[in-house]
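What follows is a set of notes on a single structure, which appears directly below.
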């Protein structure tokens, strides 16, 4: 989806609403824990995409995960 805002004020309002949503805050806490879990690996890291979905990068491939148990399962 591509959005074109009419003003910077509208754009800022949308970005702030997304930031204040529960999904963003929950995701940032999980992202921090996931990166601690992947700390030992030099080629793996976790990040959030533009839609605040959590991703795991490993050896050139991206995989999405919903929670830490899902990530631990994929690490095996």
Legend entry - Two-site label geometry, residue 1 and residue 53: point separation in nm, points 7 Å out along Cα→Cβ: 1.3 nm
Inset, instruction - Treat each spin label as a single point 7 Å out from the Cα along the C-beta direction, and report the residue 73 to residue 11 distance in nm. - result: 3.9 nm
Inset, instruction - Using a/c under 1.5 as the rounded threshold, could you call the chain rounded, prolate or oblate? The axes a ≥ b ≥ c are square roots of the C-alpha gyration tensor eigenvalues, and prolate needs a/b larger than b/c, oblate otherwise. - result: prolate
Legend entry - Relative packing of 5-15, 39-49, which averages over residues the other C-beta atoms within 10 Å, highest first: 39-49, 5-15
Legend entry - Acute angle (nearest 10 degrees) that the helix 8-20 long axis makes with the longest principal axis of the chain, alpha-carbon atoms: 40 degrees
Inset, instruction - Based on other C-beta atoms within 10 Å, arrange 30, 1 from fewest to most. - result: 1, 30
Legend entry - Degrees between helix 22-37 axis and first principal axis of the chain (Cα, 0 to 90, nearest 10): 30 degrees
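Read-outs throughout are calculated quantities, based only on the coordinates presented, and are distinct from any laboratory measurement. Nothing here was measured: the structure is a model prediction, and the numbers come from that model. Don't worry about glycine lacking a Cβ; one is built from the backbone with ideal geometry, like all the others, and counts go over all protein chains shown.
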